[in-house]
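Take a look at the structure set out below.
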Amino acid sequence: MNILVTGGAGYIGSHTIIELINNGHDVIIIDNLSNSSKEAVTRTEKIVGKVLTFYEKDVRDKQALEEIFSKHQIDGVIHFAGLKAVGESVKVPLKYYNNNLISTVSLLEIMESHDVKQLVFSSSATVYGDPASVPIKESATLPAKVTNSYGQTKLIIETMLMDLVITNNDWQITALRYFNPIGAHESGTIGEDPSDIPNNLMPYVSQVAVGKLKELSVFGNDYPTRDGTGVRDYIHVADLAKAHVAALSTPATPNKYRAINIGTGKGTSVLELVNAFEHASGVKIPYKIADRRLGDIAECYADSSLAQSILGWQAQKTIEDACADSWRWQSANPNGYKG
Ligand code: NAD
Ligand code: UD1
């Protein structure tokens, strides 16, 4: 299939392109490079051994989309493009509503007019808010509002997609609700490259390991968890990438909304992740216990049985694999794609 990959220069997009190509698909990438680098595309090309079709364009630009859809025969779309920094989204909500919502509406309108109805959308476990129980099932009631504007855009987009499938226009839509993506391609040549001080645990730990940051602050050790620190479902980005290929090859029933958790089903605490990273890298991670981070929850991990039964997908890689791969990427590229 010819797959349009929005946000294909980004962290998850670049890894997914490798899996798409390895499974016989062709890709057309659109990315405005607002949170990524052309170098990621160049390195992805090296991994897959072919030149990729890349448009440096904004998904909100309907004229650019129109040209791309007119020029290429597109069979399906994976929509990664979006802004994702939770803290920033609370400070500048309109930037997030503008970018994430307008790009999605523009994309859906152009898809509809070109009769391209197969979509895989990057959603997030953030749509569950503070879950009533773990592991979280897709059938959990979604809150009307989550605490940050980033998460709210995901919730609004999912609502929009649910409305779209009930128009009976043969849309085949899958929202993949990612838990916590970590790790990097096994080559160590592509990986997560935050433009600022990382907010998320794994990039923070790996930047401490490489000496760019002094020490990790562990946000709270008084949660009702096995060691008091927050528990999350860390999923290797290569496994996550494979879930997209599975979603395309087992498409949703037309006119039936499909949301699927993509996680390992296993919770790991902050201290367990730090231990696994130390083990994989051989580097000691200095840390201090700090206050809880506002908006954090104690535990969040997936019931991933639906992905197994519908997509025939389950995570293969371990936390140790992910730590080893993150370390390979970070140690070889201490400044990310900037060299
Ligand atoms: P990323 O920032 O690395 O990739 C997103 C890409 O989209 C970037 O390359 C950016 O330049 C591009 N982009 C943003 N707005 C655009 C626009 N208007 N037009 C064109 N390109 C645009 O992020 P990622 O980690 O690869 O995440 C991919 C998707 O998965 C996002 O939608 C994100 O919200 C979602 N997601 C990510 C995580 C995570 O922890 N990484 C978790 C859950 C969901
Ligand atoms: C965060 C976002 C979530 C988003 C997800 C993936 C918040 C409140 N939530 O989730 O909406 O979908 O990223 O992008 O930002 N931790 C530390 N020290 C650090 C960083 C993190 O102790 O420096 C802890 C956190 O308290 C948490 C765990 O590590 O217990 C994971 O944090 P993080 O990687 O930021 O992911 P989430 O909080 O799950």
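Observations on the model:
- Qualifying position, being surrounded by fewer than 20 Cβ atoms within 10 Å (Cβ to Cβ), farther than 18 Å from Asn180 by Cβ, within 16 Å of ligand 2 (Cβ to nearest atom) and not aliphatic (A, V, I, L, M), among Lys338, Lys288: Lys288
- Of the residues in the range 102-116, not one is within 15 Å of ligand 2 (Cβ to nearest atom) and part of a helix (DSSP H, G or I).
- Whenever a residue of the range 197-213 is within 13 Å of ligand 1 (Cβ to nearest atom), its partners that are modelled with pLDDT under 95 and part of a helix (DSSP H, G or I), lying with C-beta atoms within less than 8 angstrom and at least six residues away or across chains, give the pairs Asn199/Val86; Asn199/Gly87.
- When Ala238, Ala184 are screened for being part of a loop (DSSP other than H, G, I, E, B), within 16 Å of ligand 1 (Cβ to nearest atom) and of a type outside the set (Val, Ile, Thr), only Ala184 passes.
- Residue check, Glu19 closer than 26 Å to Ile235 by Cα and either touching a residue at least 24 places away in the same chain (Cβ under 8 Å) or within 10 Å of ligand 1 (Cβ to nearest atom) (or both): yes
- Qualifying residue in the range 163-176 (condition: under 19 Å from the mean Cα position of the chain (by Cα) and not hydrophobic (A, V, I, L, M, F, W, C)): yes
- Within the range 258-296, being at pLDDT 95 or above, of a type outside the set (D, E, K, R) and assigned to a loop (DSSP other than H, G, I, E, B) holds for Gly263, Thr264, Gly265, Gly267, Gly282, Val283, Ile285, Pro286.
- Glu192 being away from ligand 2 (no atom under 13 Å from the Cβ) and either closer than 30 Å to Arg258 by Cα or in contact (Cβ under 8 Å) with a residue 24 or more places away in the chain (or both): no
- Any hit, the range 282-299, residues being under 27 Å from Ile18 (Cα atoms), touching a helix residue (DSSP H, G or I) at 6+ places or on another chain (Cβ under 9 Å) and within 16 Å of ligand 1 (Cβ to nearest atom): no
The values are calculated or read from the model by the stated rules, or taken from the named source; none is laboratory data. Remember, predicted model here, so these are calculated numbers, not experimental data. Please note: Cβ atoms are built from the backbone with ideal geometry, for glycine as well, and neighbour counts cover all protein chains shown.
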